[in-house]
Amino acid sequence: MSTTLDAPPGSPPGNVLDRYFRLTERGTSVAREVRGGVATFFALAYIVVLNPIILASGKDLYGHSLNLGQLTAATAIVAGVMTLIMGIGGNLPLAIAAGLGLNGVVAFTIAPTMSWQDAMGLVVLEGLGICLLVVTGLRRLIMDAIPVPMKKAIGVGIGLFIALIGLVDAGFVTRIPDAAQSTVPVQLGNNGELTGWPILVFCIGVLVTFVLLVRKVPGAILISIVGTTILAIIINYTAHLKAAAWGLIQPNWPHSVVSTPDFGLIGHVSLFGGFVHAGVVTAVVFIFTLILSDFFDAMGTIVGVTSEAGLLDEDGNVPNIGRVLFIDGLAAAAGGFGSASSNTTFVESAAGVGEGARTGLASIVTGILLGLTSFLTPLATVVPQQAAAPALVVVGFLMMTQIKDVPWDDWTIAVPAFLAITLMAFTYSITVGIGASVIAFVLVKAAAGKIRDVSPLLWIVAALFVAYFALNPIQQSLNVK
């Protein structure tokens with residue numbers, strides 16, 4: 001017998017919550033959205049630990065480093081607030097957090113040429129620039145210019161990408177230490193074989209999740225994350241494993257659940273200091289790099305996740321796309337303002353979609369949990385990567401099923417689709433996959449005599465991506481270090 005919270009999709013809307021989030025219309029329920037929101041939180045909770053580590057590892061021009069505790073609080077609160085705004089304003093199951101890759105650019109490329117306040121000021125300007133593109137309608141025009149099969153291919157590529165993230169995070173796949181001399185860049189485990197208890201936890205998690213999924217058990221992904229976390233805690237306690245065995249997070253039950261957050265970094269930015277200390281050309285190049293990467297990374301994620309949720313219309317458009325894109329740009333600026341680096345839509349949102357999330361209610365749940373994490377950091381860091389990674393692998397499989405919607409007999413679509421799918425995983429970058437596919441799409445269409453099938457806007461985007469890939473020689477020619 002179904003409960004009120006988990007009513008069947010065909011039941012009539014009975015409350016304000018249902019009407020606002022269109023739960024019945026999208027075939028979901030409050031219980032499913034809550035499960036999805038919790039699953040997404042667990043899938044991306046690692047960023048609350050990882051982002052501070054990355055940013056704290058960098059030093060600015062004056063040799064200063066950011067405080068790890070302050071970074072943790074800022075990372076959690078900015079992600080929580082912006083995810084809440086996405087849920088309320090965008091009504092899509094999309095979570096927002098500090099963007100991986102972008103934080104590395106800020107920490108190791110931008111900050112060394114200026115102060116941290118200057119670097120975060122450029123991040124704020126990047127976010128405002130993206131908002132301007134949204135207001136002018138340019139960002140939506142670019143999204144609409146990409147054919148539906150290409151959007152499907154982007155979703156497939158993201159699926160393969162996040163599956164690889166899961167395998168790498170768990171240690172199931174690792175980089176070969178002598179990759180520069182080896183013809184094989186990755187391997188199974190640390191030495192070509194699987195060793196250690198943490199890997200066993202991951203393998204059990206993957207198998208259990210797939211079994212629960214096949215059996216259509218509600219809450220399969222969430223059950224797997226919680227179950228494998230409990231297993232990891234037990235194994236860690238009984239086997240007396242060292243922290244290094246687990247990687248980033250050791251599954252120890254914390255002595256204290258609550259901690260007082262330090263929000264001292266929020267608001268410590270200088271909007272135009274980077275132009276003074278690093279030079280106008282350098283600052284503009286940095287902002288351009290951040291905008292281009294964030295722009296298409298978020299675009300790919302939004303399309304991929306909403307496609308997996310079955311929310312794209314017949315033309316392949318995302319509902320409420322204008323608001324969603326504006327909120328995503330606002331998140332980038334908020335990340336800079338909070339000194340947490342550029343925030344963007346997170347691909348791990350697919351974990352919640354795999355759990356049944358279809359509306360912004362799931363994002364509200366995720367946002368609240370992220371916000372609480374700033375006060376409950378010890379509890380949030382109990383879940384090891386080996387317990388969260390199985391969700392990414394399974395969701396990667398679910399997103400890969402969209403590959404059937406790509407017309408592989410039409411090579412003008414198949415070639416760019418292939419590049420999007422493979423390069424996202426092989427280069428560990430959504431932006432690179434989209435960029436290569438856009439360039440290939442316009443060139444292959446032109447070569448096939450189908451130039452009218454290509455929007456003029458895509459030619460401009462392709463040219464920008466050419467500049468993106470050639471950024472190093474451009475910097476050298478402009479004498480920008």
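Scanning segment 238-261 for residues that are without any contact (Cβ under 8 Å) to a residue 12 or more places away in the chain and over 27 Å from the mean Cα position of the chain (by Cα), we see that the one that is most open to solvent (accessible area, probe 1.4 Å) is Lys242. Residue check: is Val106 out of contact with any Lys or Arg (no Cβ under 6 Å at 6 or more places or on another chain), under 14 Å from Gly338 (Cβ atoms), in contact (Cβ under 8 Å) with a residue 40 or more places away in the chain and part of a helix (DSSP H, G or I)? Considered against the rule, which asks whether it is out of contact with any Lys or Arg (no Cβ under 6 Å at 6 or more places or on another chain), under 14 Å from Gly338 (Cβ atoms), in contact (Cβ under 8 Å) with a residue 40 or more places away in the chain and part of a helix (DSSP H, G or I), Val106 comes out as yes.
Go through the residues of segment 52-72 one by one and say whether even a single one is at pLDDT 90 or above, within 18 Å of the chain's Cα centre (by Cα), within 23 Å of Ala170 (Cβ to Cβ) and of a type outside the set (Lys, Arg). No. Among the residues of segment 410-443, those that are out of contact with any helix residue (DSSP H, G or I) (no Cβ under 7 Å at 6 or more places or on another chain) and either of a type in the set (Gly, Ala, Ser) or under 21 Å from Leu457 (Cα atoms) (or both) comprise Ala414, Ser429, Leu443.
Scanning segment 454-465 for residues that are open to solvent by 90 Å² or more (accessible area, probe 1.4 Å) and not hydrophobic (A, V, I, L, M, F, W, C) turns up just one, Pro456.
Tell me yes or no: at least one residue of segment 124-139 is among the basic types (Lys, Arg) and open to solvent by 20 Å² or more (accessible area, probe 1.4 Å). No: zero hits.
Considering segment 218-233, and only residues there that are farther than 18 Å from Thr195 by Cα and open to solvent by 50 Å² or more (accessible area, probe 1.4 Å), the residue that is modelled with the highest pLDDT turns out to be Ile230. With respect to Met150, determine if the residue is part of a helix (DSSP H, G or I), closer than 30 Å to Met400 by Cβ and open to solvent by less than 10 Å² (accessible area, probe 1.4 Å). So Met150 passes the test.
Candidates in segment 356-383 are the residues that are modelled with pLDDT of 85 or more and assigned to a loop (DSSP other than H, G, I, E, B); of these, the one that is most open to solvent (accessible area, probe 1.4 Å) is Phe375. Every listed requirement among (1) polar (S, T, N, Q); (2) in contact (Cβ under 8 Å) with a residue 12 or more places away in the chain; (3) open to solvent by 10 Å² or more (accessible area, probe 1.4 Å) is met by Ser437 save one, (3).
If the condition is being open to solvent by 30 Å² or more (accessible area, probe 1.4 Å) and assigned to a loop (DSSP other than H, G, I, E, B), then segment 268-300 contributes His268, Val269, Ser270, Leu271, Phe272. If you go through segment 442-453 and pick out every residue that is open to solvent by 50 Å² or more (accessible area, probe 1.4 Å) and either under 14 Å from Ile146 (Cβ atoms) or part of a helix (DSSP H, G or I) (or both), you end up with 5. Here Thr75, Thr40, Thr83 are screened, and the one residue that is in a helix (DSSP H, G or I), under 19 Å from Thr260 (Cβ atoms), of a type in the set (Ser, Thr, Tyr) and modelled with pLDDT of 90 or more is Thr75. Filtered by the rule that a residue be farther than 20 Å from Val38 by Cβ and part of a helix (DSSP H, G or I), segment 212-251 gives Val214, Ile234, Ile235, Asn236, Tyr237, Thr238, Ala239, Ala243, Ala244, Ala245, Trp246.
Could you tell me whether Phe326 is crowded, with 24+ Cβ neighbours inside 10 Å, assigned to a helix (DSSP H, G or I) and in contact with a helix residue (DSSP H, G or I) (Cβ under 9 Å, 6 or more places away or on another chain)? Considered against the rule, which asks whether it is crowded, with 24+ Cβ neighbours inside 10 Å, assigned to a helix (DSSP H, G or I) and in contact with a helix residue (DSSP H, G or I) (Cβ under 9 Å, 6 or more places away or on another chain), Phe326 comes out as no.
For every residue, the table says whether it meets (1) crowded, with 20+ Cβ neighbours inside 10 Å; (2) touching a helix residue (DSSP H, G or I) at 6+ places or on another chain (Cβ under 7 Å).
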site: Gly27; (1), (2): no, no
site: Leu55; (1), (2): yes, yes
site: Gly63; (1), (2): no, no
site: Thr83; (1), (2): yes, yes
site: Ile88; (1), (2): no, yes
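Against the list (1) under 30 Å from Phe210 (Cα atoms); (2) part of a helix (DSSP H, G or I); (3) open to solvent by 30 Å² or more (accessible area, probe 1.4 Å); (4) touching a residue at least 60 places away in the same chain (Cβ under 8 Å), the condition Thr422 fails is (3).
Scanning segment 12-25 for residues that are open to solvent by less than 30 Å² (accessible area, probe 1.4 Å) and either in a helix (DSSP H, G or I) or modelled with pLDDT under 80 (or both) gives Asp18, Phe21.
Within segment 67-81, the set of residues being more than 15 Å from Val365 (Cβ to Cβ) and either surrounded by fewer than 24 Cβ atoms within 10 Å (Cβ to Cβ) or of a type in the set (Lys, Arg) (or both) comprises Asn67, Leu68, Gly69, Gln70, Ile77.
The values are calculated or read from the model by the stated rules, or taken from the named source; none is laboratory data. Note that this is a predicted model, so its numbers are computed, not measured. Virtual Cβ from ideal backbone geometry, glycine too; neighbours counted across all protein chains shown. SASA here: full protein model, heavy atoms, side chains in, ligands and nucleic acids out. Shrake-Rupley method; radii C 1.70, N 1.55, O 1.52, S 1.80 Å.
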